[in-house]
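The values are calculated or read from the model by the stated rules, or taken from the named source; none is laboratory data. Just so you know, these numbers come straight off a predicted model, no measurement behind them. A quick note on method: Cβ atoms are made from the backbone with ideal geometry, for glycine too, and the neighbour counts reach across all protein chains shown. For the accessible areas, the whole protein counts, side chains as well, though only heavy atoms, and no ligand, DNA or RNA atoms are used. Shrake-Rupley method; radii C 1.70, N 1.55, O 1.52, S 1.80 Å.
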Amino acid sequence: MNAPVIGLKAPLARPLYVDLDRTLIAADVSMETWLTFAKRGIGPALLLCWWLLRGRAYAKSMVARRVSLNPAMLPYREEVLEIVRTARAEGRRVVLASGSHQRHVARIARHLGLFDAAVGTLGRRNLKGRTKLLWIDGDAEGAFDYVGDSRADRPIWSAAYEGLTVGHNPRQANVRILPCRRVPLWRAALRAMRPHQWAKNALIGVPLATSGLWAEPSAILRTGLAFVLFSLTASGVYLINDLLDIEADRAHRVKFSRPIASGALPIPMALGLGLVLLTLPLLIAALTLDLAFAAVLGTYLVVTTAYSLRLKQAMTLDVIVLACLYTIRIFAGGVAVGVPVSSWLLTFAVFFFLSLAYLKRYTELAGATQAPDRLLSGRGYVGSDIAIVMTSGVASGMVSILVLALFIKSASPAYQHGTPELLWGLCLVLLYWLNRIWMMARRGQVSGDPIAFAITDRRSLVLGGIALAIALAAQRLSLHF
């Protein structure tokens, strides 16, 4: 352990220097402001790349002039805040010292009101590693304590009287590990991929089930591969979408705990994983299935990317696009096994999933905290739209059931096998399920994605089993009424 500097400061009077990024907060301010600037368009993104070529400190300074920060929405580590409060109660000087730009650091310090001073990157001086140590040595004029998190902090810990870490362990005798709650990166990455949402891609199997090919091994294999490729692509989109929605997610009462918004998954790792998942499935699809399926998957990727970048902010158009994205999955399943998809099925899917898309927006509006006349963060709706959103969603669901009924009525005389009249039972099942889930949403019992709710709701799973049994019976049983 480093010996204290004798005769300069009493142990309790040692100043405490606290790092910001991934220490005081679980996020990285520089990365978030760069991302906020880059998502404004291709021009800003290219400009950011040029600034980065001129140095990280230069890029931080240029972006700080153009991007403001809301300190109230950052994911603070309570364990580190408690260290700061204790130091202040002991009469020690507490300084926030960060590699992020001075403007952001000062704003955060003012918001918290716990620091005697705040210093950050300014001009071409990137306040990190040994550069930060030189500044601390000049400011402390003796022994000091330091709280950090990364390998870059090792020289500072070596010079400190006592070091504390919330991340990287330098294995130094004078460094103590703070017992912060940290999610393993692999688990945070997996959660950000949202594997529970892969259930939506089961729609790819609908053409396989309705075409009578469900017993052919090659058709099953192609459908299974299509499912995997769509799931991986969807996960890539979720990662990119969460990167673009950090501020909106932090303002939400449930989404604030998502891995990227909470800081559990660093932005560079999320971006890299997202780009891999967006490109690799397309290559695999072209090599293992065919170019037609790769084209459908590419269309899905383009539409869902456009949705993430712009269309999700367009009132009404956003839910129509969501409904189409669900329907594309059914069409892709038909392409994968080489069978045409009925226009009746596609029409039913559009209205049914339009209802669920409106339901998703309804739950977001119900969970919002802003005033009724203000836009929902990242969306094109205000709080007072909630009534029309619910009405449109319920109406779309009823239209989907009407389309199913018209299909049954028109198809019954043409069926040579099976008993299509049994499909009337599907109308009753869907009528019950849609009304139930909308009523539960009205009572605040449905949060987030309705598909995610359905696969965890016991009654929904039972109804799904009943619907599957009815569909199989209608296809296989020959009854006479």
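Find the centroid of the Cα atoms in the range 76-147 and in the range 189-250, then give the distance between the two in whole Å. First find each Cα centre; the distance between them is then 45 Å. Overall form of the range 116-245: prolate. Here a/c, set by the Cα gyration tensor axes a ≥ b ≥ c, is 1.5 or more, and a/b is the larger of a/b and b/c. Annotation: per residue accessible area for the range 108-194 equals 51 Å², rounded to a whole number [probe 1.4 Å, protein chains only]. Helical runs (DSSP H, four residues minimum) scored at -39500 (n - 2.57) apiece and divided by the length of the chain put the mean residue ellipticity at 222 nm at -18500 deg cm²/dmol. Scan (1) 1.03; (2) 1.21; (3) 1.32 for the value of Cα Rg over 2.2 N^0.38 Å calculated from this model and give just the label. Among (1) 1.03; (2) 1.21; (3) 1.32, the one derived from this structure is (2).
Just how far, in whole angstrom, is the range 285-331 from the range 427-443 if you go by their alpha carbon centroids? Cα centres, the range 427-443 to the range 285-331: 27 Å. For the range 196-202, putting each phi into the Karplus relation 6.51 cos²θ - 1.76 cosθ + 1.60 with θ = phi - 60° gives couplings of 5, 7, 5, 4, 4, 6, 4 Hz, in residue order, rounded to whole numbers and with x for Gly and Pro. Using Cα atoms only, what is the angle between the long axis of helix 386-411 and the major principal axis of the chain, expressed in degrees (0 to 90) to the nearest 10? Helix 386-411 sits roughly 30 degrees off the main axis of the chain. Relative contact order of the chain: 12 percent, from C-alpha pairs under 8 Å at least 6 residues apart in sequence.
Solvent-accessible area assigned to carbon and sulfur over the chain amounts to 65 percent, based on a 1.4 Å probe.
Computed from Cα positions, the angle between helix 42-53 and the longest principal axis of the chain comes to roughly 30 degrees.
Between the Cα long axis of helix 78-89 and the first principal axis of the chain there is an angle of about 30°, rounded to the nearest 10.
Computed about its Cα centre, the charge dipole of the range 173-238 is approximately 580 debye, with only Lys, Arg, Asp and Glu carrying charge at their Cβ.
Please list 432-445, 314-327 highest first by mean number of surrounding beta-carbon atoms within 10 Å per residue.
For the peptides 432-445, 314-327, the packing ranking is 314-327, 432-445.
Dipole size of the chain about its Cα centre, with +1 on Lys/Arg Cβ and -1 on Asp/Glu Cβ: approximately 840 debye, rounded to the nearest 20. Annotation: aspartates and glutamates with alpha-carbon distance below 12 angstrom to residue 255 (same-chain offsets under eight excluded): 242, 245, 247, 364, 449.
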